[in-house]
Amino acid sequence: MPRKKSTPKDDEEELVVLCFKVLVMPRPLVTGCSKVPCSVCGQPVWLSPATAAHVADKPHRISCAECVAKDEDPDTQVMPPSEGQIAEMVANDPTLTPAKIRRKLPASNPAKRKAAFDEILRRTRTRKRTDN
């Protein structure tokens, strides 16, 4: 889930892409994910095809949920999912609909998106690692 963050070097915004560690989630939630390293800790994380396509031409960094949680920048904004990300989620989970996703992460309500993001981080912190 992309977040926007201003880089200190310039005014160009960098997307911080929240990805889940392979150690925490041995199987990706979405078909076709690639294993890529977290830009902070280097641990392998899952990057979905739609997310990779969405950020390909934008300044971005890939970050695991644990590293994102440690970097609480008050200027960070949680971005709504792209149409490709919504389609990917729906294709991989029959209980989801585009409307459900848009209600949970509405483009018109940054506070609601931030609350949903915070809940994802909270749940991630409580998951048990599979490497021990």
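Observations on the structure shown:
- Global form of segment 36-132, assessed from the alpha-carbon gyration tensor, a/c cut-off 1.5: rounded
- In order along segment 112-118, phi translates into HN-Hα couplings of 5, 5, 5, 5, 5, 5, 4 Hz, rounded to whole numbers, per the Karplus curve 6.51 cos²θ - 1.76 cosθ + 1.60 with θ = phi - 60° and x for Gly and Pro.
- Distant-in-sequence amide contacts of residue 19, defined by a placed amide H-H separation under 5 Å and a gap of 5 or more residues or a different chain, comprise 63, 64, 65.
- DSSP bridge pairs, segment 17-132: antiparallel proportion in percent, nearest 5: 60 percent
- Zone of residue 73's modelled label, taken as backbone nitrogen in segment 31-47 under 19 Å from a point 7 Å along Cα→Cβ: 38-42
- Between residue 92 and residue 43, the distance separating the two model label sites (each 7 Å from Cα on the Cα→Cβ line) works out to 1.8 nm.
Quick note: the coordinates plus some simple rules give every number you see, no bench work behind them. For clarity, every value in this text was computed on a predicted model and none was experimentally measured. When we count neighbours, we look across all protein chains shown, and the Cβ atoms used for this are built from the backbone with ideal geometry, even at glycine.
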